[in-house]
Amino acid sequence: MRHPPAQLSLAVLILLLNAVSAAAEPLNFVVLARDGSPVSNAVVSSGPRTQTNQATAEMDQVDKAFSPYVLAVGQGTAVNFPNSDQIRHHVYSFSEAKPFELRLYSGVPEAPVNFDEPGVVVVGCNIHDNMIGYIFVSPRANWARTDADGSATLEVTDQTVHVWHPSLSINSLLELEFSLDELERVNDGYKVQLEISPPPAFPQAIKTTDRDRFKRFID
């Protein structure tokens, strides 16, 4: 049996390692509103669909608000909903991706909620109408939520990224897809500009009359 020359094997190994390194290169994304202001709480995701994972995450309740306002998790993640307030909350969702209900409680519920289907889950409190939060359940391998500067860093393996934000559509379900070729390069990353108004600094501080906006998920 003939064996390939040692030099050839080494060259092939180097090429493979470089390919893997390039495929898994972390990239920075800056998400902006139509006026150029940064958009926090957007979720940027990329990569192939993955099998259900066994991770655990947390969406707390602090000062009558969900914390974080947007939670991004992988498909199959179990989410705890501790109540850090000194009053009780009644957490629920009617979203197709995960309808659930945690009846009036304080402290920590007995068991987390498993988010086994991808999609957007809108979370509310049946007692406090101004409490609205979002759980983005990603079916893809890599995801990240933008910070106050609109920045997020994640690995991109297929030259395509998906961007979601609650304000992209009236039902908050719309997700946009971009190829890296169509995005503007900025420094060491890419700029994603969305056709939305600048989100409020404190998005959960909505008027009670805006409850009608949440009812679209119930009817």
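Residues that are modelled with pLDDT under 95 and not in a strand (DSSP E or B): does segment 27-47 have at least one? The answer is no, given that none of the residues of segment 27-47 is modelled with pLDDT under 95 and not in a strand (DSSP E or B). Filter segment 145-175 for residues that are hydrophobic (A, V, I, L, M, F, W, C), without any contact (Cβ under 8 Å) to a residue 40 or more places away in the chain and surrounded by fewer than 15 Cβ atoms within 10 Å (Cβ to Cβ) and give the result. The one that is hydrophobic (A, V, I, L, M, F, W, C), without any contact (Cβ under 8 Å) to a residue 40 or more places away in the chain and surrounded by fewer than 15 Cβ atoms within 10 Å (Cβ to Cβ): 174. When segment 173-218 is limited to residues that are touching a His at 6+ places or on another chain (Cβ under 9 Å), at pLDDT 95 or above and not aliphatic (A, V, I, L, M), the one that is nearest to residue 134 (Cα to Cα) turns out to be 175.
The condition of being out of contact with any helix residue (DSSP H, G or I) (no Cβ under 8 Å at 6 or more places or on another chain), of a type in the set (Asp, Glu) and farther than 12 Å from residue 70 by Cα holds for only one of 129, 116, that being 116. Within segment 96-107, residues that are of a type in the set (Asp, Glu) sit with their Cβ atoms under 7 Å from residues that are at pLDDT 95 or above and surrounded by 12 or more Cβ atoms within 10 Å (Cβ to Cβ), at 6+ positions apart or across chains, in these pairs: 96/119; 101/92.
Here's the yes/no breakdown for (1) more than 22 Å from residue 203 (Cα to Cα); (2) of a type outside the set (S, T, N, Q); (3) assigned to a loop (DSSP other than H, G, I, E, B):
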| site | (1), (2), (3) |
| --- | --- |
| 63 | no, yes, yes |
| 79 | no, yes, no |
| 96 | yes, yes, yes |
| 103 | yes, yes, no |
| 121 | no, yes, no |
| 127 | no, yes, yes |
| 133 | no, yes, no |
| 147 | no, yes, yes |
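Which residues, counting only those in segment 96-122, are in contact with a Gly (Cβ under 6 Å, 6 or more places away or on another chain) and either exposed (fewer than 15 other Cβ atoms within 10 Å of the Cβ) or among the acidic types (Asp, Glu) (or both)?
Within segment 96-122, just 116 meets the criteria.
The values are calculated or read from the model by the stated rules, or taken from the named source; none is laboratory data. These figures come from a predicted structure and were not determined experimentally. Glycine also receives a Cβ, built like all others from the backbone with ideal geometry; neighbour counts cover every protein chain displayed.
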